[in-house]
Amino acid sequence: ASFASQRHFVANASHELRTPLAGQRTLLQVALADPDADAQTLRATCEEALELGAQQERLIEALLTLTNSERGVERWETFRLDELAERAVLVRRADAEHGGVEIEAALDEVTAVGDRRLVESLIANLVENAIAHNHPGGQVWVATHGRAGRPTLLVANTGESIPSSEV
């Protein structure tokens, strides 16, 4: 069971690391292939590439946190869940539009406690998957709210449902 768990972790980590790398590579290839790219376009591409690099750094830090701790999350801090969700939506809005997907956000101010970096990676992953596993003309909904003292994040899309046996 331990080896199976480790293999599962490595497979998930590999996927999470490859996704931003592939996005970064595609972003740069498209910019370089555009013969009409001007300085402003290239600057915007560089800024997006830097943001993807920062996401990779945060992900690597989060993975190291998980692997170095047998007790689970060790970094507990208070943060605004709605701000992390808003950032995830803003960073990925261009990708959604490129895929013909509309993102709607209903973000109530919500405070949460935990490892901010891990939650940020979680939200980014959920939003990216909601966009990627959708269809042109589809929608993604991102919402935050707090009820009965419990912070809640909702990410949903119009893509095909995943059978519960595969979840």
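Each reported figure results from applying straightforward, stated rules to the coordinates on display, with no laboratory input. All of these numbers come straight from a predicted model, not from anything done at the bench. Quick reminder, even Gly has a Cβ in these numbers, built from the backbone with ideal geometry, and neighbours come from all protein chains shown.
Translational diffusion coefficient, Stokes-Einstein: compute it for the range 118-161 using the Kirkwood radius over C-alpha pairs as Rh, at 10 °C and 1.306 mPa s, and state it as an integer in µm² s⁻¹.
This corresponds to a translational diffusion coefficient of 141 µm²/s.
To the nearest 10 degrees, how steeply does helix 39-68 sit against the main Cα axis of the chain, on a 0 to 90 scale?
Its long axis makes an angle of about 20 degrees.
When the helix-only estimate is applied to the chain (DSSP H runs of n ≥ 4, each -39,500 (n - 2.57), divided by the residue count), what is the mean residue ellipticity at 222 nm, nearest 500 deg cm²/dmol?
For the chain, the value works out to -20500 deg cm²/dmol.
By how many degrees, 0 to 90 and rounded to 10, does the Cα axis of helix 2-33 deviate from the longest principal axis of the chain?
So the inclination is approximately 20 degrees.
If you take the charge dipole of the chain about its Cα centre, with +1 on Lys and Arg Cβ and -1 on Asp and Glu Cβ, which of Q6, I162, I103 is farthest toward its positive end?
Q6
Where a ≥ b ≥ c are the square roots of the eigenvalues of the C-alpha gyration tensor, would you call the range 1-124 rounded, which needs a/c under 1.5, or, failing that, prolate if a/b is larger than b/c, or oblate?
Since a/c reaches 1.5 but b/c is at least a/b, the shape of the range 1-124 is classed as oblate.
To one decimal place, what orientation-averaged projected area in nm² is obtained for the convex hull of the Cα set of the range 84-167?
Value for the range 84-167: 5.9 nm².
What are the chymotrypsin sites (Phe, Trp or Tyr not before Pro) within the range 34-143 that DSSP puts in a loop, where the Cβ has at most 15 other Cβ atoms within 10 Å?
Of the chymotrypsin sites (Phe, Trp or Tyr not before Pro), the ones in loops of the range 34-143 whose Cβ has at most 15 other Cβ atoms within 10 Å are W76.
Provide Rg and Dmax in Å for the range 88-131, with only Cα atoms included in the calculation.
Rg and Dmax of the range 88-131, Cα atoms, are 11.7, 35 Å.
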